[in-house]
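The values are calculated or read from the model by the stated rules, or taken from the named source; none is laboratory data. What you see is a predicted model, and the numbers here were worked out from it, not measured in a lab. Cβ sites come from the backbone with ideal geometry, for glycine too, and all protein chains shown count toward neighbours.
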Amino acid sequence: MNFKERPQSSKKILKKFCKKACKIWNYILKSKASGEKWYKVVESEKGWEHLLIGEYEHSLDAKGRLIMPAKLRQDMGDKFIVTKGLDGCLFAFSQTEWLNFEGKLKSLPLSDRNARNFVRFFLSGATECEIDKQGRFLLPANLRAAANLDKEAVIIGVGTRLEIWDKETWTKCDENISADEIAENMTMLGI
C-alpha cells in the first residue's frame, strides 16, 4: 500500500510525524552549521524546547556579578528571575518558566499556612537579573547570603531552571548523590 492508498487518518498521522521529524532535523542541522552547541530538546505543549543541562564553574567578581554560561544565555534570555532555592542553592528561571512557576504559586490556597510560607519563601527574595555586554549578571547581596555564595560558584541546568550553588556546597551535595539510591527511586517515580 503506498501513501496515496492509505486511509485518511493514517495520512494525517504520518504527515504530522514527518513534519515534527523535519523540524527536529532542521534544528539540528542549523545548530551544527552555526557552530551552536547541541542541546537536549523536548516536546511540550508550546512545541520543541531546550532542556537546561550541564554544570558550569565560574567566579563571582568583587561586585557580586556572575557569568551566565554562553550555552545557556539564549534559553534564559537577557532578563530572567533568580530567587532562593531549596537545598542551599538559588533557582534561576527564564521569564517564560517564571510565569509558569508564578501561576502555580498563585493557585495555592491562602488558607493553608504551608502554602503561604512556600509562596513567601520563593517570592520574597525573587529579583529580575539582566545580562550585561560581558555576559555577567548581578546577584543581590541577600541572594548571595542565602546560598552562601562568596567567590566560587557552580551553575547547573536542571531541566526548566538553573541552580546556582556555592562550589563547596555543590561538591558536598554532589558527593552525597548515590547512583544506586537514584536507581532505586526511579521506579517509584515512574521513570
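Only one of L110, L149 is surrounded by 21 or more Cβ atoms within 10 Å (Cβ to Cβ), part of a loop (DSSP other than H, G, I, E, B) and in the same structural domain as E57 (by TED's automatic domain parsing); which?
Working: L110 fails: surrounded by 21 or more Cβ atoms within 10 Å (Cβ to Cβ).
One residue alone meets the criteria, L149.
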Quiz item: Can you tell me which residues in region 144-157 are among the aliphatic types (A, V, I, L, M), out of contact with any Lys or Arg (no Cβ under 7 Å at 6 or more places or on another chain) and more than 16 Å from A70 (Cα to Cα)?
Solution: A145, A147, L149
